[in-house]
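Below is one structure, written out as structure tokens; comments come after it.
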Amino acid sequence: MSAAFDGSGYRQRVLAELHRRSTLDLDDPFFVAALDPDAVHTDAQVREQLAAVMAFLQRQRDATRYASLAATLVRRRAEWEAPLLDAATRDQLRARVLAARQAGQAERLAKVARNLATVRERFGGVPRSRVAGLRRLAAADGVTTEQFDAVLAGEQVIEDGWGDGAEPLAAGVRRQIRDRLTELRQLRVGSRAATASLWAFLGVPAGSPPERIRAAYEIALERNQRRPHDHEKTVIADLLAQVRTRLLDGDPAAYTAGLAADAREEIRGRVEEHIVLDGELGPAAFEGLVREILSSGSGLSTAQAKTLLLGVARELGAAVTTGVFLDYVVCAQCCRPEPVDGSRICRYCDTELYTACPSCGRETEAAAVACRSCGQSVRQAREAAQAVSAIRRALGAGRARQA
């Protein structure tokens, strides 16, 4: 106990916690005296620590924030000093304090688990946008960041945010990109999911690191340069120019935030209609609106769609009841969402909802930009596999130059 007393640390760890509590509880003198009950202290060490704490409390009586608390602790010093000064009493108290702390810690961690379960049941996982708030709630109850993260490690954290608070691209720019993507879809007579956004066009997940965006861009650029000169080549070139401007040279978060802004504008009127007519956003209406967002071709995930709806309802001051959590898989062809209930075929267009990842072989959604298991771009892996097959066929037919 020869080290200098850490007054700042005592203020943060002990006084701040005692000040936060609704009533002053002195049943844990080890905490008030900043003594570790797991350690063995001599009588001299205990007296030295108590003297240092008391001197510090005397000085704090002239401070602003903790003056009243410090004065109370000084006035009631016998209640927490006396049990520590006697070695036999101190040993008995140590056992009780350790048991109580263990029970209290177990309850605090159980509360963290309950909070996480509440969020999980609502969203089908723990949205990343809510992790910071849940961590603050846990910290207010005395749970450390390390303890919270240990409990969180057992949960599935889902990405539901967009743009990290960035300002969305201007509406005119967003419309220009959206029109070009629509034009490409019409030229290809392809799926809406593959042209839902610049991210889907590139075949990489939203928010991918710059090196992955650049690699996908260069592959698409080289492939387009080999295309014959036609209108599709021109449209793809325009989209690649947007990729370079918005995702490589600009802030990708601004583009992603724009996707959410478009979806919010499209759905706000429908949310307001339900609120005006029904007085709230009930479970059936909520899930129906989630399906509308998913089928709009915005490229948002189920979690993002739910978060967006809750945000719009909050802006409108409406109550929301979400009911039982439902997750959806979006059809790669018609872009309509289907509940994840074991169905393998889209009920609207008979398209397979799932496919094997060409990279790792595990099953993933056919409309997914990247495999859920390995993170590899599904479309890039499929195109690479098709290219290898074409080369093998050409070599097998003796067309070495074509290969």
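Read the figures in this text as sums done on the coordinates, not as results from a lab. Computed from a predicted structure; not experimentally measured. Counting neighbours? That spans all protein chains shown, and the Cβs are built from the backbone with ideal geometry, glycine included.
Ellipticity at 222 nm from helices only: DSSP H runs of n ≥ 4 in the chain, each -39500 (n - 2.57), divided by the residue count, give -18000 deg cm²/dmol.
Mean separation of Cα pairs under 8 Å and 6 or more residues apart, divided by the residue count, gives the chain a relative contact order of 12 percent.
In the chain, the convex hull through the Cα atoms has an average projected area of 29.5 nm², a quarter of its surface area.
For residue 157, the residues whose modelled amide H falls within less than 5 Å of its own, excluding neighbours fewer than 5 places apart on the same chain, are 126.
Mean-square fluctuations from a GNM of the chain, with a 10 angstrom spring cutoff on Cα atoms, peak among 364, 302, 72 at 72. Just checking the listed ones, 98, 259, 300: in the Gaussian network model of the chain with Cα springs under 10 Å, the one fluctuating most is 98. Each Lys and Arg Cβ is given +1 and each Asp and Glu Cβ -1; about its Cα centre, the chain then shows a dipole of about 1060 debye. Per-residue Karplus couplings for the stretch 330-339, computed as 6.51 cos²θ - 1.76 cosθ + 1.60 with θ equal to phi - 60°, are listed in order as 8, 5, 6, 9, 9, 6, 8, x, 10, x Hz, Gly and Pro entered as x.
D by Stokes-Einstein for the stretch 7-154, Kirkwood Rh over Cα pairs, 25 °C, 0.890 mPa s: 142 µm²/s.
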